[in-house]
Amino acid sequence: MTSADHTDAHEWDAVPAPLSSRLLAEAIGSAFLVIAVIGSGITAETLSPGDVGLQLLENAAATAGALVALIIMFATVSGAHFNPAVTLVDRLLGGRSTREAGLYVVVQVAGGCIGALVTNAMYADQTGRGLVFISGRDRTSAAELFSEAIATLGLILVIHGAIRYGKPYVVGVAVGVWIGGAYFFTSSTSFANPMISLARTLSDTFAGIAPSSAVVYVVVELFGALVAFAIIPVLFRTGAPPLSAEPDVERGDGGHER
């Protein structure tokens, strides 16, 4: 991939942010995404007791809206992954080094878990619980696990299709619409994100998932991401780059390497 190709595909790639800024953006974005998911779930249960369909709609709308805003806000800084599956595919496509991808995953998971704790604190009056209360909600049916693989596969393809427009808001809207819709057309309600699966174990509320279920979810989500990785070069042959926020030039901070 040449620098010219990268410029055509990403109008926001003018100046790469320092690695520290990218990691901070991933941590903050992941935290706010988890806050949106868990917090809106608790609010939905409070405002619409007994109506699961309406609760899910409220949860989906808040999550989709937060995703759009967060991606637009941080696309120019870190690429706005907030998802280890997205980072894995980006690494496999040569978008960033193994070191940087590993650091992304660490801060994503850490940020997501902090987001769960912050949400629990904000809603302590509604839940009557403390900072941590592990979810006991089992989600390991075969249909749900298959659903998670499909949801993740679809999400990765949506991202790599939308990113070819080179505009952060296109990716943000596409991802937000996909996830908001997938809440309703997948039996698992489309976690599609290993970070989300792990962070949601820390809140036994509407959006929670038992730790044993989360581990299996992570496995099938990564499987879905690997299937997407195999499809992307065949499906998108225009030569557009992976999901990165840095120009494809040699750097000494752990980014692209030649």
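A short reminder: the numbers here are calculations on the coordinates, not readings from a lab. It should be emphasised that the depicted structure is a prediction, and the values quoted were computed from it without experimental measurement. Note that each Cβ is placed from the backbone with ideal geometry, even for glycine, and that neighbours are counted across all protein chains shown.
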- In the neighbourhood of THR189 defined by beta carbon distances under 15 Å, the net charge of the other residues (Lys, Arg +1; Asp, Glu -1) is -3
- What order do you get for ILE114, ILE209 when you list them from fewest to most C-beta neighbours inside 10 Å? ILE114, ILE209
- Return the single residue from PRO168, PRO233, PRO194 with maximal mean-square fluctuation; model: Gaussian network over the chain, springs between Cα atoms under 10 Å. PRO233
- Folded to 0 to 90 degrees: helix 19-47 orientation relative to the chain principal axis, Cα: 30 degrees
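Find me the longest stretch of the chain that has none of the exposed GluC sites (Glu not before Pro), where exposed means in a DSSP loop (not H, G, I, E or B) with at most 15 other Cβ atoms within 10 Å.
The longest such stretch corresponds to 12-249.
How much mean residue ellipticity at 222 nm does the chain get from its helices, if each DSSP H run of length 4 or more adds -39500 (n - 2.57) and you divide by all residues, to the nearest 500 deg cm²/dmol?
-21500 deg cm²/dmol
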- Taking every pair of Cα atoms in the chain, average 1/r, invert it to obtain the Kirkwood radius, and report Rg/Rh to two decimals. 0.97
- Message: Between GLY112, GLY130, GLY154, where does the largest GNM mean-square fluctuation fall for the chain, given springs only between Cα atoms within less than 10 Å?
- Response: GLY130
- Cα long-axis angle, helix 98-122 against the chain (0 to 90 degrees, to the nearest 10): 30 degrees
- Task: Specify the angular offset, from 0 to 90 degrees and rounded to the nearest 10, of the alpha carbon long axis of helix 168-185 from the longest principal axis of the alpha carbons in the chain.
- Result: 40 degrees
- Positive-end extreme of charge dipole, the chain - chosen from ILE196, ALA75, ALA210 (charges on Cβ): ALA210
- Item | About the Cα centre, charge dipole magnitude for the chain (Lys/Arg +1, Asp/Glu -1 at Cβ), debye | 180 debye
- Item | Residue-count net charge about LEU47 - beta-carbon cut-off 15 Å; Lys, Arg +1, Asp, Glu -1 | -4
